[in-house]
Amino acid sequence: MKHPLNLNELYDFLESRNFSVTIKQKEHFYKYLDLLKIWTKKQNLVSQNDIPHIVERHYLPSLYLYSCLPEKIGGNTIDIGSGGGFPGIILKIMRPDMSMTLLDSSHKKVMFLQEVCDQLNLNCPIIGQRCEYYQYHTAGKFELFVSRGVASLDNLWCWTTEMMAENSKMFVLKGGNYQREVESMKFENVTVRACTPSLNWLNFSNYLKNKWVVILGK
């Protein structure tokens, strides 16, 4: 039986893909992992069955999404339905220069995200609201949207339209048949493309099989 993926294996893989991970970033990843395990025992931030597999089932997909982002990221980014911090916290650790806002409607998850940001000294505004209500207070504020598939593509686009700046893009980690969601989208003039894991990623972890990053744009 394959042993659970650990952080050192993840670092080696990232460096083989030319993603450098500094000592400080490694410290952040370790501390974040500890906090996830501690809080999950009492708050169910992730599935109890996922605790030994957090690196593979939560860190790795978030880092795959990170690999699909453009090199230059300007303006403000928001993580829709951040939950336990995926992908927003992972992206902020990898790109400290990103202006990252974390949004989730669950009070316990907002409390956890605040603890992580305090412990890791991450400057991330944390919003405890439902996206569809929050958007009307933030017209045109965000250039980049990320999400780990907390809702259908149709709903995610609808809930964030008011927040979008000109030429905004949305990167959504999806599993299963995302094409069906694309076909059901009711919005015109939305560009859609998918970023598919290369053989290198799939050889490293089969968990990424049938997972895509769907990129939506105006």
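Here are some notes:
- Criterion: modelled with pLDDT under 95, under 19 Å from the mean Cα position of the chain (by Cα) and not in a helix (DSSP H, G or I) - qualifying residue of Val172, Val146, Val213, Val150: Val150
- Sole exception among (1) crowded, with 16+ Cβ neighbours inside 10 Å; (2) under 18 Å from the mean Cα position of the chain (by Cα); (3) more than 19 Å from Ser62 (Cβ to Cβ); (4) without any contact (Cβ under 8 Å) to a residue 60 or more places away in the chain for Gln129, by number: (1)
- Residues that are of a type outside the set (Lys, Arg), in a helix (DSSP H, G or I) and surrounded by 19 or more Cβ atoms within 10 Å (Cβ to Cβ), drawn from the range 72-112: Gly88, Ile89, Ile90, Leu91, Ile93, Met94, Phe112
- Given (1) surrounded by fewer than 20 Cβ atoms within 10 Å (Cβ to Cβ); (2) in contact with a Lys or Arg (Cβ under 9 Å, 6 or more places away or on another chain); (3) polar (S, T, N, Q), number of the condition Asn210 does not satisfy: (2)
- Which listed residue, of Asn6, Asn18, is at positive phi and either loosely packed, with under 14 Cβ neighbours inside 10 Å or touching a residue at least 12 places away in the same chain (Cβ under 8 Å) (or both): Asn18
- Any chance Val110 is under 28 Å from Lys141 (Cα atoms), at pLDDT 95 or above and not aromatic (Phe, Trp, Tyr): yes
The values are calculated or read from the model by the stated rules, or taken from the named source; none is laboratory data. Predicted model only: the values in this text are computed from it and were never measured. Here the Cβ is made from the backbone with ideal geometry for all residues, glycine too, and neighbour counts use every protein chain on show.
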